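Visitor: Pasting in a structure now, in structure tokens, and then I'll have a few things to ask.
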Ligand SMILES: [Zn+2]
């Protein structure tokens, strides 16, 4: 039955790779989500510069067999522009925003924005989720700062660096706290 046309047809059909992956993976339209920035590195630089807490930004590169990896901050330069990323077939399926609060070991845990590797995301939603994550991270970093960065005058009693809340009415630091 080597020449059975139905058998041959059936074999071809069940072996089709398109059964499992109906579409080629493609990035969210990042250029449309972040029209003021030409690359992940550019987006990170602007976010770092204009957000008080100086957040860290990461992009996760999707690879086969769970071999994906994160690119953070200045390492994002290696990815190139949004266009270059698409031309090179690099698929970015998650963005992270986090922050380290200097002087204490506290860290604002990362917020993750999943990006559908089959292009199913609305760029406006990705953009909104990203800037919300930046705002949240900055607020949390401020809270941690205010819980820990009080100066000697912030409390009447003894104060320990890294363990003194900022007193908003402190005449010494003006309620800003101090760099530890
Ligand atoms: Zn003070």
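The values are calculated or read from the model by the stated rules, or taken from the named source; none is laboratory data. In this text, all values refer to a predicted model and were calculated from it rather than measured experimentally. For neighbour counting, all protein chains shown are included, and Cβ atoms are generated from backbone atoms with ideal geometry for every residue, glycine included.
Visitor: Looking only at the stretch 24-76, count how many residues are part of a helix (DSSP H, G or I) and under 15 Å from the mean Cα position of the chain (by Cα). I'd like the intermediate steps shown before the answer.
Guide: To start, the set of residues in the stretch 24-76 that are part of a helix (DSSP H, G or I) comprises 30-33, 40-50, 64-66, 73-76.
Right, trim to under 15 Å from the mean Cα position of the chain (by Cα) and you get 30, 33, 40-48, 73-76.
Total satisfying the criteria: 15.
Visitor: Filter the stretch 137-175 for residues that are in contact with a strand residue (DSSP E or B) (Cβ under 6 Å, 6 or more places away or on another chain) and closer than 22 Å to residue 47 by Cβ; which is surrounded by the fewest Cβ atoms within 10 Å (Cβ to Cβ)?
Guide: Of everything passing the filter in the stretch 137-175, 140 is surrounded by the fewest Cβ atoms within 10 Å (Cβ to Cβ).
Residues are listed down the side, and each one gets a yes or a no for (1) at pLDDT below 95; (2) more than 30 Å from residue 160 (Cα to Cα); (3) not assigned by TED's automatic domain parsing to the domain that holds residue 178:
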position: 41; (1), (2), (3): no, yes, yes
position: 60; (1), (2), (3): no, yes, yes
position: 63; (1), (2), (3): yes, yes, yes
position: 104; (1), (2), (3): yes, no, yes
position: 110; (1), (2), (3): no, no, yes
position: 113; (1), (2), (3): no, yes, yes
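Visitor: May I ask you to say which residue of 129, 156, 121, 169 is under 29 Å from residue 93 (Cβ atoms) and part of a loop (DSSP other than H, G, I, E, B)? Full working, then the answer.
Guide: Values: 129 fails: part of a loop (DSSP other than H, G, I, E, B); 156 fails: under 29 Å from residue 93 (Cβ atoms); 169 fails: under 29 Å from residue 93 (Cβ atoms).
Only one candidate passes the filter, namely 121.
Visitor: Also, quick follow-up: Please go through the stretch 94-109 and give me each residue that is crowded, with 18+ Cβ neighbours inside 10 Å and under 15 Å from the mean Cα position of the chain (by Cα), ordered by number.
Guide: Within the stretch 94-109, 95, 96, 97, 98, 99, 108 qualify.
Visitor: Regarding residue 69, is this residue more than 16 Å from the ligand (Cβ to nearest atom), under 15 Å from residue 57 (Cα atoms) and surrounded by fewer than 17 Cβ atoms within 10 Å (Cβ to Cβ)?
Guide: yes
Visitor: In the stretch 124-180, what count of residues is obtained for those that are within 16 Å of the ligand (Cβ to nearest atom) and touching a residue at least 24 places away in the same chain (Cβ under 8 Å)? Can you show your working first?
Guide: First, the residues of the stretch 124-180 that are within 16 Å of the ligand (Cβ to nearest atom): 142, 145-180.
From the residues that got through so far, the ones that are touching a residue at least 24 places away in the same chain (Cβ under 8 Å) too are 142, 145-146, 148-151, 161-162, 177-180.
Qualifying residue count for the region: 13.
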